[in-house]
Amino acid sequence: MTKPHVLLLGEILHATAEWEALSDVATLSVCDSSTKEEFIKDLAGKFSDVVAVYHCHMDDAKPGANINKELLEALPTSLKFICHHGAGYDMIDVNACTRKGVLVSNTPGAVDGATADVNMFLILGALREFNLAMTNLRKGNWNVGVPLSHDPEGKVLGILGMGGIGRALKRRAKGFGMITQYHNRKPLSEEMAAGAKYVSFDELLATSDVISMNLPLNAHTRHIINKEAIAKMKDGVIIVNTARGPVIDEQALVDALESGKVRCAGLDVFEAEPKIHPGLIANEKVILLPHVGTATYETRKKMEITVINNVRSAITGAKLLNVVPEQIHFAP
Ligand SMILES: O=CC(=O)O
(Lines give C-alpha, C1' and ligand atoms only; values in the text may rest on other atoms or scores of the structure.)
Protein backbone atom coordinates (compact mmCIF):
# COMPACT_ATOMS: atom_id res chain seq x y z
CA MET A 1 0.00 0.00 0.00
CA THR A 2 1.37 3.44 -0.87
CA LYS A 3 1.96 5.74 2.04
CA PRO A 4 0.42 9.25 2.14
CA HIS A 5 2.67 11.92 0.65
CA VAL A 6 3.93 14.72 2.96
CA LEU A 7 5.68 17.79 1.52
CA LEU A 8 8.12 19.97 3.45
CA LEU A 9 7.99 23.63 2.44
CA GLY A 10 11.03 25.16 4.10
CA GLU A 11 13.59 23.30 6.18
CA ILE A 12 13.96 21.29 9.35
CA LEU A 13 17.10 22.16 11.28
CA HIS A 14 16.74 20.51 14.71
CA ALA A 15 14.20 17.69 14.77
CA THR A 16 15.71 15.90 11.75
CA ALA A 17 15.52 12.48 13.42
CA GLU A 18 11.81 12.98 14.25
CA TRP A 19 11.14 14.13 10.66
CA GLU A 20 12.92 11.09 9.19
CA ALA A 21 11.02 8.83 11.59
CA LEU A 22 7.80 10.05 9.94
CA SER A 23 8.76 7.91 6.96
CA ASP A 24 7.31 4.92 8.83
CA VAL A 25 3.86 6.31 8.01
CA ALA A 26 4.45 8.71 5.10
CA THR A 27 6.42 9.28 1.92
CA LEU A 28 8.43 12.43 2.60
CA SER A 29 9.40 15.05 0.00
CA VAL A 30 11.27 18.30 0.41
CA CYS A 31 10.19 21.08 -1.94
CA ASP A 32 13.06 21.77 -4.35
CA SER A 33 11.15 23.95 -6.82
CA SER A 34 13.37 26.96 -7.40
CA THR A 35 10.74 29.47 -8.55
CA LYS A 36 7.06 30.05 -7.87
CA GLU A 37 6.28 29.06 -11.50
CA GLU A 38 8.20 25.79 -11.17
CA PHE A 39 6.40 25.10 -7.88
CA ILE A 40 2.98 25.50 -9.54
CA LYS A 41 4.08 23.00 -12.22
CA ASP A 42 5.39 20.59 -9.57
CA LEU A 43 2.05 20.79 -7.74
CA ALA A 44 0.42 19.38 -10.84
CA GLY A 45 3.26 16.87 -11.28
CA LYS A 46 5.45 15.26 -8.63
CA PHE A 47 3.52 16.81 -5.71
CA SER A 48 0.05 16.12 -7.13
CA ASP A 49 -0.82 13.53 -4.45
CA VAL A 50 0.38 15.46 -1.39
CA VAL A 51 -1.93 15.03 1.61
CA ALA A 52 -0.14 17.14 4.23
CA VAL A 53 2.29 20.04 4.08
CA TYR A 54 4.87 20.98 6.72
CA HIS A 55 4.99 24.76 6.23
CA CYS A 56 7.70 27.16 7.45
CA HIS A 57 7.68 30.93 7.76
CA MET A 58 9.86 31.93 4.78
CA ASP A 59 10.94 34.93 2.83
CA ASP A 60 7.98 36.12 0.70
CA ALA A 61 9.91 35.40 -2.50
CA LYS A 62 10.22 31.65 -1.77
CA PRO A 63 7.77 29.23 -3.45
CA GLY A 64 4.91 28.44 -1.06
CA ALA A 65 5.81 31.18 1.44
CA ASN A 66 2.28 32.61 1.28
CA ILE A 67 -0.65 30.23 1.13
CA ASN A 68 -3.05 32.66 -0.51
CA LYS A 69 -6.17 32.09 -2.63
CA GLU A 70 -4.13 31.88 -5.82
CA LEU A 71 -1.80 29.20 -4.46
CA LEU A 72 -4.69 27.30 -2.91
CA GLU A 73 -6.23 27.01 -6.39
CA ALA A 74 -3.03 25.32 -7.57
CA LEU A 75 -2.68 22.98 -4.59
CA PRO A 76 -3.76 19.40 -5.32
CA THR A 77 -7.23 18.30 -4.22
CA SER A 78 -5.54 15.52 -2.21
CA LEU A 79 -4.19 18.18 0.20
CA LYS A 80 -6.09 18.12 3.50
CA PHE A 81 -3.66 19.48 6.11
CA ILE A 82 -1.22 22.38 6.39
CA CYS A 83 0.92 22.14 9.53
CA HIS A 84 2.61 25.48 10.10
CA HIS A 85 5.85 26.02 12.01
CA GLY A 86 5.10 29.11 14.11
CA ALA A 87 2.51 30.56 16.42
CA GLY A 88 1.51 33.27 13.93
CA TYR A 89 -0.02 32.00 10.69
CA ASP A 90 -0.96 35.28 9.00
CA MET A 91 0.80 34.14 5.81
CA ILE A 92 -1.90 31.45 5.41
CA ASP A 93 -5.40 32.46 4.25
CA VAL A 94 -7.29 30.29 6.74
CA ASN A 95 -10.75 31.25 5.42
CA ALA A 96 -9.76 30.18 1.92
CA CYS A 97 -8.30 26.95 3.38
CA THR A 98 -11.60 26.29 5.19
CA ARG A 99 -13.56 26.75 1.97
CA LYS A 100 -11.26 24.19 0.30
CA GLY A 101 -11.59 21.73 3.19
CA VAL A 102 -7.94 22.15 4.23
CA LEU A 103 -7.24 22.18 7.98
CA VAL A 104 -4.40 24.28 9.41
CA SER A 105 -2.36 23.83 12.59
CA ASN A 106 0.20 26.07 14.31
CA THR A 107 2.60 25.70 17.24
CA PRO A 108 1.03 27.41 20.25
CA GLY A 109 2.61 26.56 23.58
CA ALA A 110 6.01 25.76 22.10
CA VAL A 111 6.75 29.46 21.54
CA ASP A 112 5.34 30.89 24.77
CA GLY A 113 8.34 30.94 27.10
CA ALA A 114 10.96 32.22 24.64
CA THR A 115 8.67 34.92 23.26
CA ALA A 116 7.62 36.02 26.74
CA ASP A 117 11.32 36.25 27.72
CA VAL A 118 11.98 38.60 24.79
CA ASN A 119 8.81 40.50 25.66
CA MET A 120 9.99 41.02 29.25
CA PHE A 121 13.45 42.04 28.02
CA LEU A 122 11.83 44.67 25.79
CA ILE A 123 9.65 45.94 28.66
CA LEU A 124 12.69 46.31 30.94
CA GLY A 125 14.80 47.73 28.13
CA ALA A 126 12.15 50.29 27.22
CA LEU A 127 11.29 51.29 30.83
CA ARG A 128 14.99 51.65 31.69
CA GLU A 129 15.86 53.17 28.27
CA PHE A 130 18.79 50.79 28.08
CA ASN A 131 19.33 51.21 24.35
CA LEU A 132 20.32 54.82 24.90
CA ALA A 133 22.72 53.83 27.70
CA MET A 134 24.28 51.05 25.61
CA THR A 135 24.68 53.30 22.58
CA ASN A 136 26.23 55.99 24.79
CA LEU A 137 28.82 53.54 26.11
CA ARG A 138 29.75 52.36 22.60
CA LYS A 139 30.21 55.98 21.53
CA GLY A 140 32.78 56.33 24.34
CA ASN A 141 30.54 58.61 26.42
CA TRP A 142 30.08 56.25 29.39
CA ASN A 143 26.91 57.38 31.26
CA VAL A 144 27.26 61.09 30.51
CA GLY A 145 23.83 62.45 29.54
CA VAL A 146 22.01 59.16 30.19
CA PRO A 147 18.72 60.24 31.79
CA LEU A 148 17.04 58.57 34.77
CA SER A 149 14.41 56.07 33.69
CA HIS A 150 11.59 54.09 35.34
CA ASP A 151 11.14 50.96 37.50
CA PRO A 152 8.78 48.14 36.51
CA GLU A 153 7.68 47.79 40.17
CA GLY A 154 4.10 49.00 40.63
CA LYS A 155 3.54 49.82 36.93
CA VAL A 156 0.35 48.65 35.22
CA LEU A 157 1.03 46.27 32.36
CA GLY A 158 -1.80 46.06 29.82
CA ILE A 159 -1.64 42.85 27.79
CA LEU A 160 -3.58 43.00 24.53
CA GLY A 161 -4.23 39.35 23.72
CA MET A 162 -3.95 37.07 26.74
CA GLY A 163 -3.11 33.80 24.97
CA GLY A 164 -0.23 31.52 25.89
CA ILE A 165 2.45 34.19 25.36
CA GLY A 166 0.42 36.85 27.20
CA ARG A 167 -0.04 34.53 30.17
CA ALA A 168 3.67 33.57 30.21
CA LEU A 169 4.48 37.29 30.15
CA LYS A 170 2.12 37.93 33.07
CA ARG A 171 4.00 35.35 35.16
CA ARG A 172 7.33 37.00 34.36
CA ALA A 173 6.01 40.54 34.99
CA LYS A 174 4.76 39.47 38.43
CA GLY A 175 8.36 38.76 39.43
CA PHE A 176 9.16 42.41 38.66
CA GLY A 177 6.24 43.72 40.75
CA MET A 178 4.08 44.77 37.78
CA ILE A 179 0.27 44.75 38.01
CA THR A 180 -1.29 43.04 34.98
CA GLN A 181 -4.58 43.81 33.28
CA TYR A 182 -5.63 42.41 29.93
CA HIS A 183 -8.05 42.65 27.07
CA ASN A 184 -9.22 39.70 24.97
CA ARG A 185 -12.33 39.09 22.91
CA LYS A 186 -13.65 37.21 25.96
CA PRO A 187 -12.54 37.18 29.62
CA LEU A 188 -10.52 34.12 30.66
CA SER A 189 -11.49 31.75 33.44
CA GLU A 190 -10.26 32.90 36.85
CA GLU A 191 -7.65 30.15 36.83
CA MET A 192 -6.24 31.20 33.46
CA ALA A 193 -6.35 34.92 34.27
CA ALA A 194 -4.38 34.13 37.47
CA GLY A 195 -5.19 37.47 39.08
CA ALA A 196 -4.99 39.67 35.96
CA LYS A 197 -7.97 42.04 35.66
CA TYR A 198 -10.11 41.92 32.50
CA VAL A 199 -10.69 45.41 31.08
CA SER A 200 -12.23 46.82 27.89
CA PHE A 201 -9.94 47.81 25.02
CA ASP A 202 -10.41 51.53 25.78
CA GLU A 203 -9.80 51.04 29.51
CA LEU A 204 -6.60 49.14 28.78
CA LEU A 205 -5.41 51.99 26.56
CA ALA A 206 -6.31 54.67 29.10
CA THR A 207 -4.95 53.06 32.27
CA SER A 208 -1.82 51.06 31.34
CA ASP A 209 1.73 52.31 31.89
CA VAL A 210 3.07 49.65 29.54
CA ILE A 211 1.04 48.19 26.66
CA SER A 212 2.15 44.83 25.31
CA MET A 213 0.94 43.52 21.95
CA ASN A 214 0.34 39.76 22.19
CA LEU A 215 -2.47 39.21 19.71
CA PRO A 216 -2.48 37.54 16.28
CA LEU A 217 -2.49 39.58 13.08
CA ASN A 218 -5.76 39.38 11.16
CA ALA A 219 -8.24 41.73 9.50
CA HIS A 220 -9.58 42.83 12.92
CA THR A 221 -6.21 43.48 14.54
CA ARG A 222 -4.33 45.18 11.67
CA HIS A 223 -3.45 48.72 12.93
CA ILE A 224 -5.43 48.14 16.13
CA ILE A 225 -2.90 50.58 17.58
CA ASN A 226 -3.23 53.67 15.41
CA LYS A 227 -3.29 57.44 15.92
CA GLU A 228 -6.73 57.35 17.57
CA ALA A 229 -5.80 54.50 19.92
CA ILE A 230 -2.53 56.20 20.90
CA ALA A 231 -4.43 59.43 21.68
CA LYS A 232 -6.42 57.48 24.32
CA MET A 233 -3.25 56.28 26.12
CA LYS A 234 -1.51 57.81 29.14
CA ASP A 235 1.13 60.41 28.36
CA GLY A 236 4.55 58.77 28.47
CA VAL A 237 3.21 55.25 27.87
CA ILE A 238 5.56 52.42 26.84
CA ILE A 239 4.55 50.14 23.92
CA VAL A 240 6.14 46.76 23.22
CA ASN A 241 5.42 44.36 20.39
CA THR A 242 6.56 40.75 19.93
CA ALA A 243 3.43 39.74 17.95
CA ARG A 244 3.33 41.06 14.37
CA GLY A 245 4.42 44.46 13.09
CA PRO A 246 1.18 45.43 11.30
CA VAL A 247 -0.88 45.36 14.52
CA ILE A 248 0.66 48.82 15.03
CA ASP A 249 0.50 51.68 12.53
CA GLU A 250 4.27 52.28 12.55
CA GLN A 251 4.02 55.86 11.28
CA ALA A 252 1.60 56.72 14.10
CA LEU A 253 4.03 55.17 16.60
CA VAL A 254 6.98 57.13 15.19
CA ASP A 255 4.98 60.38 15.42
CA ALA A 256 3.95 59.60 19.01
CA LEU A 257 7.56 58.81 19.98
CA GLU A 258 8.65 62.11 18.47
CA SER A 259 5.99 64.06 20.36
CA GLY A 260 6.79 62.22 23.63
CA LYS A 261 3.22 60.88 23.95
CA VAL A 262 4.86 57.44 23.80
CA ARG A 263 7.97 57.61 26.00
CA CYS A 264 9.69 54.58 24.57
CA ALA A 265 9.00 51.39 22.63
CA GLY A 266 10.46 47.89 22.46
CA LEU A 267 9.91 46.10 19.16
CA ASP A 268 10.80 42.63 17.87
CA VAL A 269 8.50 42.85 14.83
CA PHE A 270 7.90 45.49 12.17
CA GLU A 271 5.25 46.49 9.69
CA ALA A 272 7.29 45.69 6.58
CA GLU A 273 10.13 43.61 8.01
CA PRO A 274 12.97 43.32 7.34
CA LYS A 275 12.50 47.00 6.42
CA ILE A 276 12.33 49.21 9.48
CA HIS A 277 10.84 52.70 9.60
CA PRO A 278 13.78 55.18 9.60
CA GLY A 279 12.09 57.06 12.45
CA LEU A 280 12.54 53.97 14.65
CA ILE A 281 16.17 53.46 13.65
CA ALA A 282 16.94 57.13 14.32
CA ASN A 283 15.40 57.12 17.80
CA GLU A 284 18.13 55.81 20.11
CA LYS A 285 15.72 55.32 22.99
CA VAL A 286 13.72 52.71 21.13
CA ILE A 287 14.91 49.16 21.65
CA LEU A 288 14.79 47.07 18.47
CA LEU A 289 15.32 43.36 17.83
CA PRO A 290 15.24 41.52 14.46
CA HIS A 291 12.24 39.19 15.09
CA VAL A 292 14.06 36.79 17.40
CA GLY A 293 11.20 35.96 19.80
CA THR A 294 11.50 32.20 19.33
CA ALA A 295 15.15 32.07 18.27
CA THR A 296 16.59 29.58 20.76
CA TYR A 297 17.73 26.01 20.08
CA GLU A 298 15.32 24.60 22.65
CA THR A 299 12.27 26.47 21.39
CA ARG A 300 12.93 25.92 17.69
CA LYS A 301 13.28 22.19 18.33
CA LYS A 302 10.03 22.17 20.37
CA MET A 303 8.30 23.99 17.50
CA GLU A 304 9.57 21.50 14.90
CA ILE A 305 8.47 18.54 17.03
CA THR A 306 5.03 20.15 17.46
CA VAL A 307 4.65 20.41 13.67
CA ILE A 308 5.84 16.83 13.15
CA ASN A 309 3.37 15.59 15.79
CA ASN A 310 0.59 17.40 13.94
CA VAL A 311 1.66 15.85 10.62
CA ARG A 312 1.76 12.39 12.21
CA SER A 313 -1.68 12.85 13.76
CA ALA A 314 -3.04 14.09 10.42
CA ILE A 315 -1.65 11.10 8.55
CA THR A 316 -2.52 8.42 11.07
CA GLY A 317 -5.69 9.80 12.71
CA ALA A 318 -7.02 12.33 10.15
CA LYS A 319 -6.95 15.09 12.77
CA LEU A 320 -4.68 17.89 13.89
CA LEU A 321 -3.48 18.34 17.48
CA ASN A 322 -3.24 22.12 17.25
CA VAL A 323 -5.88 23.15 14.75
CA VAL A 324 -6.06 26.97 14.52
CA PRO A 325 -8.88 28.64 16.53
CA GLU A 326 -10.80 29.71 13.39
CA GLN A 327 -11.32 26.03 12.47
CA ILE A 328 -11.79 24.53 15.93
CA HIS A 329 -15.60 24.23 15.63
CA PHE A 330 -15.67 22.02 12.59
CA ALA A 331 -12.36 20.15 12.84
CA PRO A 332 -12.65 16.47 13.83
O1 LIG B 1 6.97 34.82 14.82
C2 LIG B 1 7.02 33.74 15.34
C3 LIG B 1 5.91 32.81 15.34
O4 LIG B 1 4.89 33.10 14.69
O5 LIG B 1 6.02 31.77 15.99
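The values are calculated or read from the model by the stated rules, or taken from the named source; none is laboratory data. Computed from a prediction, not measured in an experiment: that's the story for all the values here. So basically every Cβ, Gly included, is an ideal-geometry build from the backbone, and we count neighbours across all protein chains shown. Just so you know, the surface numbers come from the protein's heavy atoms only, side chains and all, with ligands and any DNA or RNA stripped out. Shrake-Rupley method; radii C 1.70, N 1.55, O 1.52, S 1.80 Å.
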Surface accessible to a 1.4 Å probe, per residue, for the residues of the range 21-70, Å²: 53
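What full-extension length gain, to one decimal in nm, is calculated for Glu258 and Arg171 as 0.36 nm per residue of separation minus the Cα-Cα distance?
Here the answer is 28.1 nm.
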Area accessible to solvent at Tyr198, 1.4 Å probe radius, in Å²: 80
Nearby lysines by direct alpha-carbon distance to Lys227 (threshold 16 angstrom, same-chain neighbours under 8 apart not counted): Lys261
Spin-label pair Glu73/Glu273, simplified geometry with 7 Å Cα→Cβ offset, distance in nm: 3.1
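If a/c stays under 1.5 just call it rounded; otherwise compare a/b with b/c (prolate if a/b is bigger, oblate if not). Do that for the range 1-73, with a ≥ b ≥ c from the square roots of the Cα gyration tensor eigenvalues.
Details: a/c = 2.20, a/b = 1.33, b/c = 1.66.
In terms of gyration-tensor shape, oblate.
Any chance you could run the full-extension gain for Glu37 through Lys3? It's 0.36 nm times the residue separation minus the Cα-Cα distance, nm to one decimal. Provide the component values of the computation, followed by the final result.
On the way: separation 34, 0.36 × 34 = 12.24 nm, distance 2.73 nm.
Length gained, Glu37 through Lys3: 9.5 nm.
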Reachable aspartates and glutamates from Lys69, criterion Cα separation under 19 angstrom, eight or more residues apart if same chain: Glu37, Glu38, Asp42, Asp59, Asp60, Asp90, Asp93, Glu326
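Suppose we flag GluC sites (Glu not before Pro) only when DSSP calls them loop and at most 16 other Cβ atoms lie within 10 Å. Which is the longest uninterrupted stretch of the chain?
Looking at the chain, 12-152 is the longest stretch - no exposed GluC sites (Glu not before Pro) with at most 16 other Cβ atoms within 10 Å.
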Highest-fluctuation residue, Met120, Met91, Met192 considered, GNM on the chain with Cα pairs under 10 Å: Met192
In order through the range 307-312: 3J(HN,Hα) via Karplus (6.51 cos²θ - 1.76 cosθ + 1.60), integer Hz, x for Gly, Pro: 5, 4, 4, 5, 4, 4
Inter-label distance for Asn136 and Phe201, nm, one decimal - labels placed 7 Å from Cα along Cα-to-Cβ: 3.9
Lys174 accessible area, 1.4 Å probe, all protein chains in place, Å² to nearest 10: 140
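Lysine pairs, Cα distance under 18 Å, 8 or more residues apart or cross-chain: how many in the range 123-197? Walk me through the intermediate numbers first.
Details: Lys155/Lys170; Lys155/Lys174; Lys155/Lys197; Lys170/Lys186; Lys170/Lys197; Lys174/Lys197; Lys186/Lys197.
Within the range 123-197, the lysine pair count is 7.
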Centre separation in Å (Cα based) which lies between the range 22-86 and the range 256-288: 35
Carbon + sulfur, % of accessible area of the range 1-66 - ligands and nucleic acids excluded, 1.4 Å: 53
Most fluctuating residue given options Arg312, Arg167, Arg185, as computed from a GNM of the chain linking Cα atoms under 10 Å: Arg185
Using alpha carbons only: equivalent-ellipsoid semi-axes of the range 189-332, gyration tensor based, whole Å: 33, 20, 14
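Could you order Leu137, Leu204, Leu215, Leu148 by accessible surface area, starting with the largest, using a probe radius of 1.4 Å? Don't skip to the answer; put the middle values down first.
Numbers: Leu137 95, Leu204 0, Leu215 20, Leu148 165 Å².
The ranking, largest first, comes out as Leu148, Leu137, Leu215, Leu204.
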Degrees, to the nearest 10: 164-175 long Cα axis against longest axis of the chain: 30
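What translational D, rounded to a whole number of µm²/s, comes out for the range 122-249 from Stokes-Einstein when the hydrodynamic radius is the Kirkwood one over Cα pairs, at 4 °C and 1.567 mPa s?
Working: Rh = 15.4 Å.
Stokes-Einstein gives a translational diffusion coefficient of 84 µm²/s.
Give the carbon-plus-sulfur fraction of the accessible surface of the range 214-332 in %, rounded to a whole number; probe 1.4 Å, heavy atoms of protein chains only. Write down the numbers at each step before the final one.
On the way: 3190 of 5700 Å².
Carbon-and-sulfur percentage of accessible area, whole number: 56.
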Gaussian network model of the chain, Cα within-10 Å springs - most flexible of Arg138, Arg244, Arg171: Arg138
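Assuming 0.36 nm per residue, please report the length gained on full extension of the stretch Asn226 to Thr16 beyond their Cα-Cα distance.
71.4 nm
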